[in-house]
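The structure under discussion appears below in the form of structure tokens.
Read-outs throughout are calculated quantities, based only on the coordinates presented, and are distinct from any laboratory measurement. Note that the structure is a prediction, hence the values are computed from the model and not measured. Here Cβ is always computed from backbone atoms with ideal geometry, including for glycine, and neighbour counts include all displayed protein chains.
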Amino acid sequence: MIKWGIIILALYGGCYYLSRHVSLDSSLKYAAQNKGASWAPRANYTIAFIYYQREEYGKSKEAFTQLLTDYPTGQFTARGLFYLEDSAEYTHDWETARNALDRYLEEFPEGKKIEIMRKRREMLRYQRGL
């Protein structure tokens, strides 16, 4: 029982330290500086998704853009395009939304979110003329 208490305290202490000394922005920069590392794409996606979940859509859009620029193909491309498009709509960046939609439709015609992306593209064309 004491062993589990020590483990829990150590984990809590580690989380507390990280929350005070490490920011998402610095972590994103670190991932960008280490593009060749195997962990970097996942870290970039996770940070972008955290921003998205926090409803910080401007930062989310930047982080997803970095992900898709640094790793144009990979396991996070389809999800990155989906969340980039959504973040761009929230920030009223219609050009970025259109580009993300067009790229998704072209590269993932059998993707899980294809119907949603088609409908969003139609709405963007109808509402914004893009």
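Numerical summary
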| read-out | value |
| --- | --- |
| Subset of segment 67-92 (residues that are touching a helix residue (DSSP H, G or I) at 6+ places or on another chain (Cβ under 6 Å) and of a type outside the set (A, V, I, L, M)) | Tyr71, Gly74, Phe76, Gly80, Tyr83, Glu85, Ser87, Glu89, Tyr90, Thr91 |
| Helices (runs of 4 or more DSSP H) wholly inside segment 16-130 that include at least 1 residues being at negative phi, free of Cβ contacts under 8 Å to residues at least 24 places away in the same chain and surrounded by fewer than 18 Cβ atoms within 10 Å (Cβ to Cβ) | 24-33, 40-53, 57-70, 94-107, 114-128 |
